[in-house]
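Have a look at the structure below, then the notes.
The values are calculated or read from the model by the stated rules, or taken from the named source; none is laboratory data. Being a predicted model, the structure only gives us computed values, none of them experimental. So basically every Cβ, Gly included, is an ideal-geometry build from the backbone, and we count neighbours across all protein chains shown.
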Amino acid sequence: MKQNQQSDKQLFDRHVKKIKADKRHTRYMQLLLFLSFFILWELSSQFHWIDPLIFSSPSRIVSLLYENILNGNLWYHMRVTVLETIAGFFIGTIGGIIIAFLLWNSRKLYDVLDPYLVVLNALPKVALGPIIIVALGPGYFSIIMMGAIISIIVTSLVVYSAFREVDKNYITVLQSFGATKWQCFKEAVFPASLPSIISTFKVNVGLSWVGVIVGEFLVAAKGLGYLIVYGFQVFNFTLVLYSLLVIAFIAAIMYQGVNKFEAWLIRKI
Amino acid sequence: MSFLQLKQITHYYFNRSSYTKALDNISISVDEGSFISLLGPSGCGKTTLLSIMAGIIHPTFGSVLINDKPLEKNQREIGYMLQQDYLFPWKNIIDNVLIGPKIVGNKQKEMTEKAKQLLVDMGLETVIKSYPNNLSGGMRQRVALARTLITNPSLLLLDEPFSALDFQTKLKLEDFVSALLKRYNKTSILVTHDIGEAIAMSDQIYLMRANPGEIHQLFEVPIEVRDLSPFEARKHIKYQHLFDRIWEELNSLETKSTIG
Ligand SMILES: Nc1ncnc2c1ncn2[C@@H]1O[C@H](COP(=O)(O)OP(=O)(O)O)[C@@H](O)[C@H]1O
Ligand SMILES: [Mg+2]
């Protein structure tokens, strides 16, 4: 009996060890892929297998990065874009939730707006860029709106359908105590829909980046999107690729942040 | 004077493509402090009738009177317990129990004490801070009952509160609820499709038939059976007699409806 138990434990230990080794192996592979990509890039550029003027090279990008960190340029442009993206994300997400609430609150409103929402949802929002810029002027505000408008409609539709799917009987329980519509929303509909709402966060972070970068392409005089366009115009592809890498890096961090926030919220519920 | 009166209640459900006549011309009167059962096959309109008494559905025709006054929408006399417990999974047990006072805007502090007391009375003191998902079916049902009782309603509407439970839990909970309601002197209406439960728990039984939902017959439970706890009542000879009568009546309804 005892012997048997011990061997059970040993089996389990072996299993755990194997999983750990497997994980470590995956990490090595990822690192290898990363290093070989950049080394290959660097070598191809050094030996002119690819045109260094167009494809630049990691070493040049790193030295540009270093330079820009020292002279504060990186921080300056990054800050602008990140703030625009965060603002666009919040306006789009919160605005979408508010619209969803209004639609839930009045069935009539939903019925009337339904075809318009469908069309607006299908429309590629970045195509509205020029109109937004003409209407709101070429500045932060337009760019933030680009970041917001791209996610607001789809958020409102997704969240609205989550509101509608909440089991009516939760509302009946509250009504039996004489709850108002707002109380039903606050106590049952909203908390029951939170998982769906949180899942829109992750999507919206990505969407806001798209909106803001396109907005910066169109009007900005600073920001990472601006640097890309500027680098393209003066044929400085080191600058373009540098901006791209910075964007990829920050976007990944933001995405992870939302992921963590989601996990935290779900644990709290 | 009757405490609760239903006068000629008729109710239709309208859909886009069809309609259902769920209730047809139902009149019931209930005395204060009595325990009534609505017994009938599934789909005969029991839940609909209870929702109408709770003021959650407005009947197509007819009226509901409590103490001879029409049922207001915010009538605080009524506690309604749904067919399933519908505890809010994101609230812990005490917050679930406190949802009624919160909606009404009652003093939270006093009510928290009361909620704790109720949960202790129900043998739930160990799970006050737990979440509904961690509780067994019987415990959840008791929490739902506590949530219904905390606003101190004089009329309790119970929609098949024991139907989702295993038999042993159900028998225990019947005894528990019966004793509790007697102690608090509540007027109660129990919906069930279980003949034995109806006899064991109540003073009067309204047998309903379906399509459309109507009152078919009223049975009085013998005094001897009424005074026993549900578990003891089930052993009484008069319980058995009444059971047989209702059983036959239900069967005759079934044959009638298959012929007709
Ligand atoms: N919301 C609804 N819309 C349409 N028909 C309904 C609705 N609720 C119940 N019904 C119909 O009304 C009848 C009575 O239902 P119900 O009151 O739930 O019966 P019971 O509780 O006795 O099983 C059934 O035929 C049911 O299909
Ligand atoms: Mg029912």
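Considering (1) of a type outside the set (Ser, Thr, Tyr); (2) outside any strand (DSSP E or B); (3) within 12 Å of ligand 1 (Cβ to nearest atom), the lone condition that B:ALA22 does not fulfil carries the number (2). Screening B:ARG16 with (1) more than 21 Å from B:GLY100 (Cβ to Cβ); (2) more than 16 Å from ligand 2 (Cβ to nearest atom); (3) away from chain A (no Cβ under 14 Å) gives one miss only, at (3). The single condition from (1) in a loop (DSSP other than H, G, I, E, B); (2) away from ligand 1 (no atom under 15 Å from the Cβ); (3) modelled with pLDDT of 90 or more that B:SER2 fails is (3). Tally the residues that are in a loop (DSSP other than H, G, I, E, B) and either near ligand 1 (Cβ under 8 Å from one of its atoms) or touching a Lys or Arg at 6+ places or on another chain (Cβ under 7 Å) (or both), restricting the search to region B:5-19. The number of residues fulfilling the criteria is 1. The single residue among A:PHE235, A:PHE261, A:PHE185 that is in a helix (DSSP H, G or I), away from every other protein chain (no Cβ under 12 Å) and more than 21 Å from B:LYS102 (Cα to Cα) turns out to be A:PHE261. Is it true that some residue in region B:203-226 is of a type in the set (Ser, Thr, Tyr), modelled with pLDDT of 90 or more and assigned to a loop (DSSP other than H, G, I, E, B)? Looking for residues that are of a type in the set (Ser, Thr, Tyr), modelled with pLDDT of 90 or more and assigned to a loop (DSSP other than H, G, I, E, B), one finds none in region B:203-226, hence no. Against the test of being under 15 Å from the mean Cα position of the chain (by Cα) and over 25 Å from B:GLU77 (Cβ atoms), the options B:SER252, B:SER163, B:SER178, B:SER202 yield a single qualifying residue, B:SER163. The set of residues from region A:146-172 being part of a helix (DSSP H, G or I) and either more than 18 Å from A:LEU117 (Cα to Cα) or within 14 Å of chain B (Cβ to nearest Cβ) (or both) comprises A:GLY147, A:GLU165, A:LYS168, A:ASN169, A:TYR170, A:ILE171, A:THR172.
Select from region B:200-210 the residues that are touching a Lys or Arg at 6+ places or on another chain (Cβ under 8 Å), away from ligand 2 (no atom under 14 Å from the Cβ) and closer than 19 Å to B:SER252 by Cα and list them in ascending order. Scanning region B:200-210 gives no hits. Within region B:139-170, restricting attention to residues that are within 16 Å of ligand 2 (Cβ to nearest atom) and part of a helix (DSSP H, G or I), the residue that is nearest to the other protein chains (Cβ to nearest Cβ) is B:ALA144. If you check A:LEU207 against the conditions, is it of a type outside the set (Asp, Glu), part of a helix (DSSP H, G or I) and more than 23 Å from A:ALA148 (Cβ to Cβ)? Judged against the criteria, A:LEU207 is not a match. Candidates B:LYS186, B:LYS182: the one that is at pLDDT below 90, in contact with a Ser or Thr (Cβ under 8 Å, 6 or more places away or on another chain) and more than 16 Å from ligand 1 (Cβ to nearest atom) is B:LYS186. So in region B:84-106, with the set limited to residues that are more than 8 Å from chain A (Cβ to nearest Cβ) and within 19 Å of the chain's Cα centre (by Cα), which one is nearest to ligand 1 (Cβ to nearest atom)? Here the answer is B:ASP85.
Residue by residue, here is whether (1) in contact with a Cys (Cβ under 9 Å, 6 or more places away or on another chain); (2) without any contact (Cβ under 8 Å) to a residue 60 or more places away in the chain; (3) within 24 Å of B:GLY45 (Cα to Cα) holds:
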{"position": "B:LEU165", "(1), (2), (3)": "no, yes, yes"}
{"position": "B:THR169", "(1), (2), (3)": "no, yes, no"}
{"position": "B:LEU173", "(1), (2), (3)": "no, yes, no"}
{"position": "B:ALA179", "(1), (2), (3)": "no, yes, no"}
{"position": "B:TYR184", "(1), (2), (3)": "no, yes, no"}
{"position": "B:SER202", "(1), (2), (3)": "no, no, yes"}
{"position": "B:ILE223", "(1), (2), (3)": "no, yes, no"}
{"position": "B:PHE231", "(1), (2), (3)": "no, no, no"}
